[in-house]
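Enquirer: To start, I am sharing the structure in question, which I have written as structure tokens.
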Amino acid sequence: METKTQLAKLGLFDAKVPRYTSYPTAPHFSTEVNGSDYASWISALAPGSSISLYVHVPFCRRLCWFCACRTQGTQSESPVAAYLEVLKAELKMLKRQLPEGISLSRLHWGGGTPTLLSPEMMNELAGAIADVAPFAPNAEFSVEIDPNEIDDARLKVLAAAGMNRASIGVQDFDDEIQKTIGRIQGYDITRDAVEAIRSHGVYSLNADILFGLPHQSQERITESVQKLLSLEPDRVALYGYAHVPWMAKRQQMIPSDALPTPEERLELFETARKLFLWDNYAEIGIDHFATQDDGLTIAQKAGRLRRNFQGYTDDTSDVLIGVGASSISRFPQGYTQNAPATGAHTGAIREGRFSVAKGHRFTPEDKLRSRIIEMIMCDFKVDSAELLEGFEVPAAQLQGMLDQADSAFPGMLDRRNGDLFIPEAARPLTRMIARAFDAYDLSKAGHSSAI
């Protein structure tokens, strides 16, 4: 109880903070970065290097009310087929820009619902990607799979194309909660989808589950987590539901008076967290869990855990290229984001130009603060020695930054040998602690609850 009181005094239950899957965060991107920067940054890649590729498919058969992603509903194949042609054209443009010998260390199809594509469309997309760059040794190809939108024919194509990791969204298995958030997906259909995925030789499984949903209680989240554990996923993301109806209009369908309080959200998270730990999952960062032999666990123990727009990753590539509407790319020089609207993106590609609408060019200070925030989010500590070696920052300035963050959370953080550590009791504050190193004006962007 004493710890909860301390957390409350520090503003945990009132704060709105970024999730820090990037720094600076996307609301701070500007139109000063454009398609020419994107093209030049691609051309500057080292020949023979490996990159990550993200492919965005923004279509869904139905729009779930809880979702704040950039998606659009469709009941016919025609807009999906047209979008596929745009993706193929964009991939050809990318291929012309890439230096020789580039390979893919990671490939991810996200959305939306990538499994909305027909088997023939999937085969076309996989072939277009393979024409751009081959897989690197030990590459990972993951696909977001909707259990309501998958069958044997599509799984067969994906497995043949090299998919070796599947990702499924669970949200919650409770019937009332599913109806309230507009996402009907029972346990049986989810279990059948997982069994079908594994029958095609794809054994690595990611799963997402949410806390903070309407009508969610400790008993209900316990039952949903136990059902999820019966599917034996390798990785689980335990995300807090972000209720932002001013940004995602469809969330207005969700009754706000049915949402748990911030204090109840923390209890829901802790309930689920304990269940994963009791089942011998390793705790990865602030909201992921993984089996002891999973790549994330191994990366965390080795100090190689990283964070990007897809959450925590063991990908070592410093380049992530996103294709499709609204996709974000990361280069050593900065970020770029394609036009969010499908129409604007399509128009640009059909005119033979990349659709980059905005982005951000890194400053030396950005890179320093980005690494500090990543350390906090991944390792719950700031390693001064690494920062002093890797960045041109005076030791006194770095220690001043750490001292300032420490003083903002009195009695909660540890300082040893010039480093900063976040003990377990203070870890609910992690995103707020990361915010202490954010030099940008956070009042200009709406963010989600700190818990």
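Enquirer: How large is the charge dipole for the chain, taken about the Cα centre, if only the Cβ atoms of Lys, Arg (+1) and Asp, Glu (-1) carry charge, to the nearest 20 debye?
Expert: Approximately 1000 debye in magnitude.
Enquirer: A follow-up question, please. Distance between the C-alpha centers of the stretch 353-372 and the stretch 250-302? Whole Å please.
Expert: Taking the Cα centre of each part, the stretch 353-372 and the stretch 250-302 sit 29 Å apart.
Enquirer: Taking the stretch 143-221 on its own, what percent of its Cα-Cα pair distances exceed 22 Å?
Expert: Pairs farther apart than 22 Å: 29 percent.
Enquirer: Using a simple charge model, +1 on the beta-carbon of Lys and Arg, -1 on the beta-carbon of Asp and Glu, nothing else, what dipole does the stretch 90-239 show about its Cα centre, in debye to the nearest 20?
Expert: Once rounded to the nearest 20, the dipole reads 500 debye.
Enquirer: Now for a different question. As a test of the definition: which semi-axes, in Å, follow for the stretch 200-240 when you take the square root of five times each eigenvalue of its alpha carbon gyration tensor? Largest first, please.
Expert: With the √(5λ) rule applied to the stretch 200-240, the semi-axes are 23, 11, 6 Å.
Enquirer: Another one. Give me the mean projected area, in nm² to one decimal, of the convex hull enclosing the Cα positions of the stretch 375-425.
Expert: Over all viewing directions, the stretch 375-425 projects a mean Cα-hull area of 3.6 nm².
Enquirer: Taking just the alpha-carbon atoms of the stretch 209-353, what radius of gyration and Dmax come out, in angstrom?
Expert: Every Cα atom of the stretch 209-353 included, Rg and Dmax give 18.8, 55 Å.
Enquirer: Evaluate the Kirkwood expression for the hydrodynamic radius of the stretch 95-153, namely the inverse of the mean inverse distance over all pairs of different C-alpha atoms, and round to one decimal in Å.
Expert: Across the stretch 95-153, the inverse of the average 1/r is 12.8 Å.
Enquirer: Take PHE391, PHE135, PHE409 and sort them by solvent-accessible surface of the protein heavy atoms, 1.4 Å probe, largest at the top.
Expert: PHE135, PHE391, PHE409
Enquirer: Shifting gears a bit: For the stretch 281-417, what's the radius of gyration and Dmax over Cα atoms, in angstrom?
Expert: Rg then Dmax for the stretch 281-417, in Å: 18.4, 58.
Enquirer: Give me the Kirkwood hydrodynamic radius of the chain in Å, from all C-alpha pairs, to one decimal place?
Expert: The Cα-based Kirkwood calculation yields 22.8 Å.
Enquirer: Starting from the stretch 235-342, pick out the chymotrypsin sites (Phe, Trp or Tyr not before Pro) whose DSSP state is loop and whose Cβ has at most 12 other Cβ atoms within 10 Å.
Expert: TRP246
Enquirer: Also, quick follow-up: Quickly estimate the mean residue ellipticity at 222 nm for the chain, helices only: each DSSP H run with n ≥ 4 gives -39500 (n - 2.57), and the total goes over all residues, rounded to 500.
Expert: That calculation yields -11500 deg cm²/dmol at 222 nm.
Enquirer: Mind computing the radius of gyration and Dmax over the alpha-carbon atoms of the stretch 137-181? Å is fine for both.
Expert: Spelled out, the Cα radius of gyration and Dmax of the stretch 137-181 are 13.9, 45 Å.
Enquirer: Equivalent-ellipsoid semi-axes (√(5λ), Cα gyration tensor) for the stretch 250-312, whole Å, largest first?
Expert: Largest first, the stretch 250-312 gives 29, 16, 9 Å.
Enquirer: I've got another one for you. Between HIS215 and ASP151, what is the FRET efficiency for a Förster distance of 35 Å, r being their Cβ-Cβ separation, to the nearest 0.05?
Expert: 0.65
Enquirer: So what's the Cα pair-distance distribution over the stretch 85-233, bin width 5 Å, in %?
Expert: 2, 9, 17, 19, 17, 12, 10, 7, 4, 2, 0, 0
Enquirer: Across bins of 5 angstrom width beginning at 0, how are the C-alpha pair distances of the stretch 75-129 distributed, in whole percent?
Expert: Whole-percent P(r) values from 0 Å outward: 4, 16, 26, 27, 15, 8, 4, 1, 0.
Enquirer: So how strong a dipole does the stretch 334-451 carry about its Cα centre when Lys and Arg Cβ are +1 and Asp and Glu Cβ are -1, to the nearest 20 debye?
Expert: 600
Enquirer: What length, rounded to one decimal in nm, is gained on full extension from LYS301 through to ASP279, with 0.36 nm per residue of separation minus their alpha-carbon distance?
Expert: 6.0 nm
Enquirer: Select from the stretch 96-194 those GluC sites (Glu not before Pro) which occupy a DSSP coil region and have at most 10 other Cβ atoms within 10 Å, ordered by residue number.
Expert: GLU100
Enquirer: Percent antiparallel among DSSP beta bridges with both residues in the chain, to the nearest 5?
Expert: 45
Enquirer: Collect residues whose amide H, placed 1.01 Å from N in the peptide plane, falls under 5 Å from the amide H of GLY182; neighbours closer than 5 in sequence don't count.
Expert: TRP65
The values are calculated or read from the model by the stated rules, or taken from the named source; none is laboratory data. Predicted, not measured: the structure shown is a model, and the values here were computed from it. Cβ sites come from the backbone with ideal geometry, for glycine too, and all protein chains shown count toward neighbours. Surface accessibility is based on the protein's heavy atoms, side chains included, excluding ligands, DNA and RNA. Shrake-Rupley method; radii C 1.70, N 1.55, O 1.52, S 1.80 Å.
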